[in-house]
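Just so it is clear, none of the values below were taken in a lab; they were calculated from the coordinates. Model, not experiment: these values are computed from the prediction. We place every Cβ from the backbone using ideal geometry, glycine too, and count neighbours over all the protein chains shown.
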């Protein structure tokens, strides 16, 4: 069977070749001066030329199509690189903005910690666990943002620029919210601290001298006259030259000798508070001087009407004498 098929194909090919050799085409060229020239070629040659021409046209078409496609791809690539360049500048701007916000947040937290520490020192607030958690979270956000901001732009592929840009924008949004929340808390704390701490520092709150209480505020028999009278202060017995300290911040309004009270110091603290320190051996401050709580202002003595070295201490609120024991730490 196969032999018959191949035989037919062979005979057909020979017949075609024979007929092709017999069929030829001749072109006669006549020049203007009368000379002629003939060109003759076979059918096979004509087919070959046409085949080559088709191949050339197909190749040319493929080349033109490839060129146009490459041009479009280059145009798209240039556009993508232009977009990537714009996004890179935006990322750099966001990174700088994030660093500035991170520094603002760090400074805000520092102020908050200092303010909170001042309030805690005065015993005006108690540490809140939820606020501590918020502070820790904000510090973690600063660390994450700073780390993200420090990422090298050159290592980010152009196709990832959009993702990085979106991530940085979200980080900036989150950080702005955190800063706004923290600054609001700081403003509230600052207002609270300025009033509360100022009042606390003006309120007499420490012992003026270390010693033994020999007479309290109230009715008693006078140790010298023997009369029953109202004792307007607190007597603290102490060794001669024991330091006497201001019990609150304030301004010295009087230093000098008073009948019965001996050498004395009077301090105005604000918010209606005043204190008086009497029977001093010597005074170490002067009128008009600013003092802080705990500063040494005088020394224990026995000047004036006194049976021995001690400090007579009085507290005033809005011009009225108070029981000093109500202002001393227990």
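Points worth noting:
- Here the spin labels are modelled as points 7 Å beyond Cα on the Cα-Cβ line, and at residue 71 and residue 195 they lie 7.7 nm apart.
- Three-way shape label, the range 212-327, alpha-carbon gyration tensor, a/c 1.5: oblate
- Fewest neighbouring Cβ atoms within 10 Å first, the residues 97, 279, 229 line up as 229, 97, 279.
- Taking packing as the residue-averaged number of other Cβ atoms within 10 angstrom, the listed peptides 208-216, 232-240 run from highest to lowest as 232-240, 208-216.
- Förster radius 51 Å - calculated FRET efficiency between residue 120 and residue 86, Cβ distance, rounded to 0.05: 0.55
- The label-point distance for residue 258 and residue 93, in a model that sets each label 7 Å from Cα toward Cβ, rounds to 7.0 nm.
- Two-site label geometry, residue 292 and residue 214: point separation in nm, points 7 Å out along Cα→Cβ: 3.2
- Ranked by how many other beta carbons lie within 10 Å on average, peptides 109-117, 242-250, 195-203 from highest: 242-250, 195-203, 109-117
- Annotation for the range 175-205 versus the range 258-305: alpha-carbon center distance of 33 Å.
- Ordering of 65-76, 266-277 by packing [mean C-beta count within 10 Å, highest first]: 266-277, 65-76
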